[in-house]
1. Using a 1.4 Å probe and counting only protein heavy atoms, arrange Asp161, Asp126 so the residue with the most accessible area comes first.
2. Using a 1.4 Å probe, how large is the accessible area of Thr64, given in Å² and rounded to the nearest 10?
3. Rounded to the nearest 10 Å², what accessible area does Val133 have for a 1.4 Å probe in the complete protein model?
4. Tell me the label-point distance for the pair Lys65, Glu129, using the 7 Å Cα-to-Cβ offset, in nm and rounded to one decimal.
5. Let me check something: with ligands and nucleic acids excluded, how do Asp109, Asp115, Asp141 order by accessible area (1.4 Å probe), largest to smallest?
6. Between Arg149 and Ala118, what is the label-point separation in nm under the 7 Å Cα-to-beta-carbon projection?
7. Kindly report the accessible area of region 29-175 per residue (heavy atoms of protein chains, probe 1.4 Å, no ligands, DNA or RNA), in Å².
8. For region 107-204, just run the numbers: alpha carbon Rg, then divide by 2.2 N^0.38 Å, N being how many residues it has.
Amino acid sequence: MLLFFVGPLVLFVRFGLKFSDETYEPRYQPRTYRTSFRDFFLTMESGLAIFLIIMGLLFIRLLTKPIINQSGQPDWTAYGILGLLTLMLFGVSVYILVLDLNYWEHTKDRVLIFDPEARTLIVHTDEGEYIIVERGIERVDIFSNQNHRNLREYYLFKLRDGRKLIITDKTKGAYAIFDFFNDIPEHRHKRLIPTISPANSETG
């Protein structure tokens, strides 16, 4: 019983410390962030997707068996409800997994190095190195589903040297960029499915 009450509190404190380290600490001391496969996929969202897939498979199994119907409603009603729930379960899990796989491609190679003394951020990617200084970001376009229960978003930074850099919200240290540099001009774009692609990153 004690674990039931203490467990969530421990998780909350751990999340708070992690969020603080990845958001506010780089302002005061050097930090380097790499996002490992474990960091990226060992999350509540990924766990939820796996759980929903298991539940969907269980419902499919139920659909293959005769349903004991004591409600007086036609049997097709029960099958219809089960079928609809199955589609919803698989739909949500596919939504989560599609975004996870899409974002991983734009997260796995990012290394963020914050230097508060020099007020610079160095980002290493497979495409090259980005050295960002104060006022070095012209604007950031934020593509988001604006869903507070399952928030997914990524940031398209337009640098003053003409280059562009994509950082996902699942990149360790991503939130620190907005605290590290002051008053970055933001433009928000709502997307039902904010996948990262040239067409989905067009801002007009």
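The values are calculated or read from the model by the stated rules, or taken from the named source; none is laboratory data. What you see is a predicted model; the values in this text were computed from it and never measured. Glycine also receives a Cβ, built like all others from the backbone with ideal geometry; neighbour counts cover every protein chain displayed. Quick note on the areas: whole protein, heavy atoms, side chains included, nothing else; ligands and nucleic acids left out. Shrake-Rupley method; radii C 1.70, N 1.55, O 1.52, S 1.80 Å.
1. Numbers: Asp161 100, Asp126 125 Å².
Largest to smallest exposure gives the sequence Asp126, Asp161.
2. Number for this one is 100 Å².
3. The accessible area of Val133 comes to roughly 70 Å².
4. So the two model labels end up 6.2 nm from each other.
5. On the way: Asp109 25, Asp115 55, Asp141 0 Å².
Result of the area sort, largest leading: Asp115, Asp109, Asp141.
6. Output for this residue pair reads 4.6 nm.
7. Numbers: 8610 Å² over 147 residues.
Per residue, region 29-175 has 59 Å² of solvent-accessible surface.
8. Values: Rg = 13.2 Å, N = 98, 2.2 N^0.38 = 12.6 Å.
Cα-based Rg divided by the globular estimate yields 1.05.
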